[in-house]
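The values are calculated or read from the model by the stated rules, or taken from the named source; none is laboratory data. Because the structure is predicted, anything quoted here is derived from the model rather than measured. Because the Cβ atoms are built from the backbone with ideal geometry, glycine has one as well, and the counts that use them run over all protein chains shown.
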Amino acid sequence: MKRLHFNKVNNLSQLHNELLVALPGLRRVGMGDDGRNRALPDNIVVHGLGNDIWFTVVDDADEAAIQAVVDAHTPA
């Protein structure tokens with residue numbers, strides 16, 4: 001896992017959702033005991049304080065793609 005830091009005015013919940021839409025590999029889905037798909041912990045953890053944003057992501061996460069999503073983020 002690696003940790004990425006950004007500084008930008010943000011809506012963390014919205015940004016997290018934007019990342020999962022833009023980079024579906026960050027979302028994990030598996031089979032539950034009942035044979036149905038269920039969500040697993042995502043391959044990204046988002047933390048923030050004020051304008052500081054930290055992502056903990058898997059080592060092979062595409063940093064340029066994450067940067068592009070952050071750059072395009074406009075908090076609602």
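Figure legend. Inter-residue proximity from segment 1-22: first residues in contact (Cβ under 8 Å) with a residue 60 or more places away in the chain and of a type in the set (A, V, I, L, M), second residues buried (at least 16 other Cβ atoms within 10 Å of the Cβ) and not in a loop (DSSP other than H, G, I, E, B), beta-carbon distance below 6 Å, spacing 6+ or different chains. Indicated pairs: Leu4/Phe55. Just so you know, in segment 55-76 the residues that are among the hydrophobic types (A, V, I, L, M, F, W, C) and within 13 Å of Ser13 (Cα to Cα) include one that is surrounded by the most Cβ atoms within 10 Å (Cβ to Cβ), and it is Phe55. One residue stands out among those in segment 21-45 that are in contact with a helix residue (DSSP H, G or I) (Cβ under 7 Å, 6 or more places away or on another chain) and at pLDDT 90 or above: the one that is farthest from Lys2 (Cα to Cα), which is Ala22.
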